[in-house]
Amino acid sequence: MKPSFHARLINEPFDDPGLYIRLLREGRAFLFDSGAATSLSAGDILKISGIFISHTHVDHFIGFDNILRLHLRKEGPLRLYGPDGFINRVEGKLRGYTWNLIGDYPLVIEAAEINEKTVTKAVFRAQNYFRREELPSMPFEGVLIENSFLKIKAAVLDHQIPCLGFCLEENYHININKAKLNELDLPVGPWLSDFKKAVRDGDYESRFKIKEKTFAFSELKGIADITKGQKLSYVVDALGSEENTRKIIELVRGSDVLYIEAYFLDKDRERAMERYHLTAKQAGRIAREAGVGKVVPLHFSPKYMDNPEDVLREVEDEFR
């Protein structure tokens, strides 16, 4: 099965956190946290349509400035999501620069901040020199984005301040059966993207022009094999409390891959509690109890710079 999402961490475990996820057949990407993002090319950055910030500590948000600079002349909105107080932080970033010459730039930034019950929204338009414009708020019931292709959910966690954990889930995966395609003597081509969209949208009246011939949806539906979709989750900077653990497990349950912080070793769990971080052992336990397929630890304390293998081993031992 060819995946719909391709994910990679933007930095090594001792550097700023961030997870870049390409939506392979849509030509766009999501970024979960934007620490220093020098590993991302301009092409990578220009594919980003949504940025999901766990919290605005400097190592999770400093990379936004470079993203902003590259997006100034890009059409279409750049959507940002973060925890309580996030819109003020975005506004503060924008107010840090002088914008007198951007009135003809197309960029629109839509910012949303999430608390336990509400999503509050605002928009900042380059044509309006990034002055804040309030938008109506809406109830929050765990889901940030939902469409016929995917769903993105969030949970509010405790890092002494609110901190968001995220999961990205494909509703289901559509795999093209090449044998059936060959039986119909049909080529692989861009029309398959339109066909998959019709499947997801339930648009069974669609028609497709292929090799100078028009096919009804009913003639083609046999080429699609429907399977479970991908699920990827991202969790950083959370106290290893019972409440946080319960929320995280519920959010990430059944993930194909869980990207999770392992900031301290279990021998330093008192320090982890003081700093509101997970230990490697807690990360491994969460991954095991949530039944994830694979766990990828990230965001290690610099104190383990000389022995990162101890962190990896502790996560894996608890997971297995």
Selected residue (only one of 154, 179 is of a type in the set (Gly, Ala, Ser) and surrounded by 19 or more Cβ atoms within 10 Å (Cβ to Cβ)): 154
Test for residue 258: is it crowded, with 18+ Cβ neighbours inside 10 Å, in contact (Cβ under 8 Å) with a residue 12 or more places away in the chain and in a strand (DSSP E or B): yes
The lone exception for residue 85 - which of (1) under 17 Å from the mean Cα position of the chain (by Cα); (2) touching a residue at least 24 places away in the same chain (Cβ under 8 Å) it fails: (1)
Selection from segment 145-188 of residues that are aromatic (Phe, Trp, Tyr) and within 22 Å of residue 202 (Cα to Cα): 149, 172
Qualifying strands (runs of 3 or more DSSP E) (wholly inside segment 101-215; at least 3 residues being at pLDDT below 95): 173-176, 207-210
Residues located in segment 226-255, provided they are over 21 Å from the mean Cα position of the chain (by Cα) and part of a helix (DSSP H, G or I): 242, 243
Scope segment 1-56; condition aliphatic (A, V, I, L, M), touching a residue at least 60 places away in the same chain (Cβ under 8 Å), assigned to a loop (DSSP other than H, G, I, E, B) and surrounded by fewer than 20 Cβ atoms within 10 Å (Cβ to Cβ); matching residues: 1
Residue check for residue 223: under 30 Å from residue 2 (Cα atoms), modelled with pLDDT of 95 or more and not acidic (Asp, Glu): no
Whichever residue in segment 261-290 is small (Gly, Ala, Ser) and surrounded by fewer than 24 Cβ atoms within 10 Å (Cβ to Cβ) and, among such residues, is farthest from the chain's Cα centre (by Cα): 272
Hits in segment 286-303 (condition: of a type outside the set (Asp, Glu) and either assigned to a loop (DSSP other than H, G, I, E, B) or in contact (Cβ under 8 Å) with a residue 40 or more places away in the chain (or both)): 286, 290, 291, 292, 293, 296, 297, 298, 299, 300, 301, 302
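The values are calculated or read from the model by the stated rules, or taken from the named source; none is laboratory data. Remember, predicted model here, so these are calculated numbers, not experimental data. Here the Cβ is made from the backbone with ideal geometry for all residues, glycine too, and neighbour counts use every protein chain on show.
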